[in-house]
Amino acid sequence: MNLHEYQAKKILAGYGVAVPEGMAAANPGEAEAAARALGGEVWVVKAQVHAGGRGKAGGVKLARSIDEVSAAAAGMLGQRLVTKQTGAAGLPVERVYVEVGSNIERELYLSFTLNREKGRIAVVASAAGGMDIEQVAHDTPEKILSVTIHPAAGLQPWQCRQLGFGIGLKGEQLAQFQSILLALYRLYDERDASLIEINPLIVTREGKLLALDCKLDIEANALFRQREMAALRDPGQEDPAERIASEHDLNYVSLDGDIACMVNGAGLAMATMDLIKLHGGAPANFLDVGGGATAARVTTAFELILSNPKVRAILVNIFGGIVRCDLIAEGIIDAVRDAGVRVPVVVRLEGTNAEAARAKLAGGSLSIISASDLTDAARKVVAAARGAPAKAASGKVAP
């Protein structure tokens, strides 16, 4: 679960990490009032969306007067901000964050994330702050420094100093940096974070370290014990289909293709999408209905994937281990009928009661294309999406 910058900075401040003063605003009038309350002569107006790259997309504006603050807010609010991380549709800007300007001497990069290879929290730092860290890692990997934290020992002061010296800090700045790292480690642990990214962490002309921006992600599986964090969720920043899926315990991710996938098991879902790509198609989604898929859940899944107007064909790929294929077949028949499916449906069922499931589908009154194996299913659904004639008589399953 992602948080907005203004929410993340409030949490940082609660852990003793210095941040510039700022206030969120939902309309130009509130933005103007925020600038007056903050005081100063220079402000930064930032669009609040769950995506990076806001500055290059026009979502961060420098204002040198109250009128410019109001104008910047008016130009962002109510619009959809398109960045390299949002896709073409962009994300709605419902709030802006008005922040006092800072005297920037240097820009650094700092993050806490999970090193999955080692199964430990990693601290990453770089003197090349304010830039795309992925590009820095590609072009100048020597500028990326990292340490991993032993879960029994925790973050050690010597590790903080190692990173601090590596990015060119010294004296009082090094002490500030260590305090920030120790605070962020405590935040990461106590709030069940999956990512804390501060880019840039600035050194001001006065020698102070400030978190000028912050991305804070909370592990979704831990929200049951993070009620305070869960209350900060902004559904308006989420894909509507993904939000509905989460409410029904479905794992769904929207993609850019036109072939919808319904699969039980994340690994099988990935393999299904790979085969669709291999045969020239493009998946419209990742959808894992889970190992305990039921007829009702299949119906909900159909309604979900059909909400995407780009879908031209559907591939259902179910392996019945825990789940019985004949029950899934009933769900498919009911869903195709009740949801008014008007696109080709290719079905591959294997496992428990698979033969009975195929018999149910063949005996139905709906035109569903049967597949003998996964490769056959991928070929047929790609052909169906391209408009090739389905090899199935009306009301019968294709052989």
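The values are calculated or read from the model by the stated rules, or taken from the named source; none is laboratory data. Remember, it's a predicted structure, so these values are computed and weren't measured experimentally. Glycine also receives a Cβ, built like all others from the backbone with ideal geometry; neighbour counts cover every protein chain displayed. Only protein heavy atoms, including side chains, enter the accessible area calculation; ligands, DNA and RNA are left aside. Shrake-Rupley method; radii C 1.70, N 1.55, O 1.52, S 1.80 Å.
The number of residues in the range 305-341 that are of a type in the set (A, V, I, L, M, F, W, C), open to solvent by 10 Å² or more (accessible area, probe 1.4 Å) and within 22 Å of residue 253 (Cα to Cα) comes to 6.
Among the residues of the range 186-200, count how many are of a type outside the set (S, T, N, Q) and part of a strand (DSSP E or B). First the steps, then the outcome.
Taking the range 186-200 first, the residues of a type outside the set (S, T, N, Q) are 186-193, 195-198, 200.
This time we only want the ones that are part of a strand (DSSP E or B), so: 193, 195-198, 200.
Going through the range 186-200 one residue at a time, the tally reaches 6.
Figure legend. Inter-residue proximity from the range 56-76: first residues more than 9 Å from residue 28 (Cβ to Cβ), second residues assigned to a helix (DSSP H, G or I) and open to solvent by 50 Å² or more (accessible area, probe 1.4 Å), beta-carbon distance below 7 Å, spacing 6+ or different chains. Indicated pairs: 66/32; 66/36.
When 88, 137, 128 are checked against the criterion of being farther than 23 Å from residue 151 by Cα, without any contact (Cβ under 8 Å) to a residue 24 or more places away in the chain and buried (at least 19 other Cβ atoms within 10 Å of the Cβ), 128 stands alone in meeting it. State which residue is most open to solvent (accessible area, probe 1.4 Å) when the search covers only the range 187-210 and only residues that are out of contact with any Gly (no Cβ under 9 Å at 6 or more places or on another chain) and under 22 Å from residue 150 (Cα atoms). Only one residue fits best here, namely 190.
Scanning the range 106-136 for residues that are under 27 Å from residue 207 (Cα atoms) and in a helix (DSSP H, G or I) returns 133, 136.
Taking the condition of being open to solvent by 70 Å² or more (accessible area, probe 1.4 Å) and of a type in the set (S, T, N, Q), how many residues in the range 225-282 meet it?
Here is the first cut: in the range 225-282, the ones open to solvent by 70 Å² or more (accessible area, probe 1.4 Å) are 225, 227-228, 231, 233, 240, 244, 247-249, 251, 256, 270, 274, 277-278.
Cutting the leftovers down to of a type in the set (S, T, N, Q) gives us 251.
Residues meeting the conditions: 1.
So, residue 179, is that one in contact (Cβ under 8 Å) with a residue 60 or more places away in the chain, open to solvent by 50 Å² or more (accessible area, probe 1.4 Å) and either polar (S, T, N, Q) or out of contact with any Phe, Trp or Tyr (no Cβ under 7 Å at 6 or more places or on another chain) (or both) or not? Judged against the criteria, residue 179 is a match. Kindly indicate whether any position in the range 359-370 is modelled with pLDDT of 80 or more, within 33 Å of the chain's Cα centre (by Cα) and open to solvent by 40 Å² or more (accessible area, probe 1.4 Å). The answer is no; no qualifying residue exists. Using the structure shown, decide if residue 353 is under 32 Å from the mean Cα position of the chain (by Cα) and touching a residue at least 12 places away in the same chain (Cβ under 8 Å). Spelling it out, it is not the case that residue 353 is under 32 Å from the mean Cα position of the chain (by Cα) and touching a residue at least 12 places away in the same chain (Cβ under 8 Å). The single condition among (1) farther than 25 Å from residue 126 by Cβ; (2) part of a loop (DSSP other than H, G, I, E, B); (3) touching a helix residue (DSSP H, G or I) at 6+ places or on another chain (Cβ under 7 Å) that residue 73 does not satisfy is (2).
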